[in-house]
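Participant: What follows is a structure written as structure tokens; I'll ask about it next.
Throughout, read-outs are computed from the coordinates displayed, never taken from laboratory work. Source: prediction; values computed, not measured. Cβ sites come from the backbone with ideal geometry, for glycine too, and all protein chains shown count toward neighbours.
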Amino acid sequence: MSALLSINGLQKSFGAVKVADDSSFEIAQGEAVGILGPNGAGKTSLFNLITGALSPDAGRIIFQGADITATSAAKRCKIGIARSFQVPQPFGGMTVYENALVGAMQGAGLSGRDAENHALQVLADTGLLPKANQRAGTLTLLDRKRLELARALSAQPKLLLLDEIAGGLTEAECTALIDTIKAVHAKGTTIIWIEHVVHALLAVVNRLIVIDFGKKIAEGAPKEIMDSPEVKEIYLGVDPDV
């Protein structure tokens, strides 16, 4: 598999706080990769750097072979990078369908019947089609999470970034969301997923990256990473000598 995304020596600091400390890794086309780390580790900041919401102090971001380090957030969306947010941010006064349609038109650059059909397909893929005409502000938490996913997918991303999308859900709701994300990945969408609900992450991803204080501390197969004494100490708070 060829690299869809390459992060090379990424650095970002806010004063003395490093949110990206010489971060380097690659994401292959078609992968589903999980990112773990304690609160404040720099996970969301990493997403902000990838999407262009933040500019790095040093390093390069390569997407589909092109250097996008200085590319605007809007242009990154149009070339295939989309994300969900930890706290769902739908247009509450608009319908579910209208929310997806905005993404299709503004993110994917579609218009007319093409935009309408794509929005409807995304709602079908995320289980929201029966609620297409419901106002987004009246949805349950699970459906707001699904709509957050649908709005990202409506931009036709080649790379989908999920930021703690399973947070706050019941076990049954989490299982339903996992099934939706698996179906999205099965269609060929490359995924990077930040998540504290570890069992949800492990149900989807084929590789884990662990970061702490902006620095990558481990990378590899999920079982290998979860069994690592260093990861248990830093992420799970387990003393490796006990």
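Participant: In units of 2.2 N^0.38 Å, what is the alpha-carbon radius of gyration of the chain?
Facilitator: On the way: Rg = 17.8 Å, N = 242, 2.2 N^0.38 = 17.7 Å.
Relative to the 2.2 N^0.38 Å estimate, the chain comes out at 1.01.
Participant: Return the single residue from F14, F85, F25 with maximal mean-square fluctuation; model: Gaussian network over the chain, springs between Cα atoms under 10 Å.
Facilitator: The residue with the greatest mean-square fluctuation here is F14.
Participant: Continuing with this model, one more query. With the chain treated as a Gaussian network of Cα nodes joined by springs under 10 Å, which of V205, V87, V33 yields the largest mean-square fluctuation?
Facilitator: Checking each option, the largest mean-square fluctuation is seen for V87.
Participant: Additional query: Could the peptides 35-47, 102-114, 209-221 be put in order, highest first, of the mean number of other beta-carbon atoms found within 10 Å of their residues?
Facilitator: Working: 35-47: 21.4, 102-114: 16.6, 209-221: 19.2.
Taking the mean over residues of other Cβ atoms within 10 Å, the ranking is 35-47, 209-221, 102-114.
Participant: Below 29 Å, Cα to Cα, which lysines can K131 reach? Residues fewer than 8 away in the same chain don't count.
Facilitator: Excluding near neighbours in sequence, the set is K78, K145, K158, K182, K187.
Participant: Using Cα centres only, tell me the gap between segment 149-198 and segment 78-113 in whole Å.
Facilitator: 15 Å
Participant: Using unit Cβ charges (K, R positive; D, E negative) and no other charged atoms, how large, in debye to the nearest 20, is the dipole of segment 1-117 about its Cα centre?
Facilitator: Values: 9 positive and 9 negative charges, 35 e Å.
That gives segment 1-117 a dipole magnitude of about 160 debye.
Participant: When DSSP assigns beta bridges and you keep just the ones with both residues in the chain, what percent turn out antiparallel, to the nearest 5?
Facilitator: On the way: 22 of 38 bridges.
Bridges in the chain are about 60 percent antiparallel.
Participant: I'd like the Karplus ³J(HN,Hα) series for segment 106-123: coefficients 6.51, -1.76, 1.60, θ = phi - 60°, whole numbers in Hz, and an x wherever there's a Gly or Pro.
Facilitator: Here the 3J(HN,Hα) series is 7, x, 8, x, 8, 8, x, 4, 4, 5, 5, 5, 5, 4, 5, 5, 5, 5 Hz.
Participant: Taking Cα pairs under 8 Å and at least six residues apart, what relative contact order does segment 90-156 come out at, in percent? Numbers along the way, then the final one.
Facilitator: Numbers: 96 pairs, mean separation 33.9, N = 67.
Across segment 90-156, relative contact order equals 51 percent.
Participant: Pull up the cross-link candidates among the lysines for K12, meaning alpha carbon to alpha carbon under 18 Å and not fewer than 8 places away within one chain.
Facilitator: Hits, sequence-local ones excluded: K43, K215, K216.
Participant: Compute the FRET efficiency between R113 and A3 as 1/(1 + (r/R0)^6), taking r as their Cβ-Cβ distance and R0 = 35 Å, and round to the nearest 0.05.
Facilitator: 0.50
Participant: On to the next question. Taking the mean number of other Cβ atoms within 10 Å as a proxy for protection, how do you rank 116-123, 177-184 from highest to lowest? Kindly include the intermediate steps, with their values, before the conclusion.
Facilitator: Numbers: 116-123: 19.9, 177-184: 18.2.
Highest mean packing first, the order is 116-123, 177-184.
Participant: To the nearest 20 debye, what charge dipole does segment 90-156 have about its Cα centre, counting +1 at the Cβ of each Lys and Arg and -1 at the Cβ of each Asp and Glu?
Facilitator: Working: 7 positive and 6 negative charges, 40 e Å.
Computed charge dipole of segment 90-156: roughly 200 debye.
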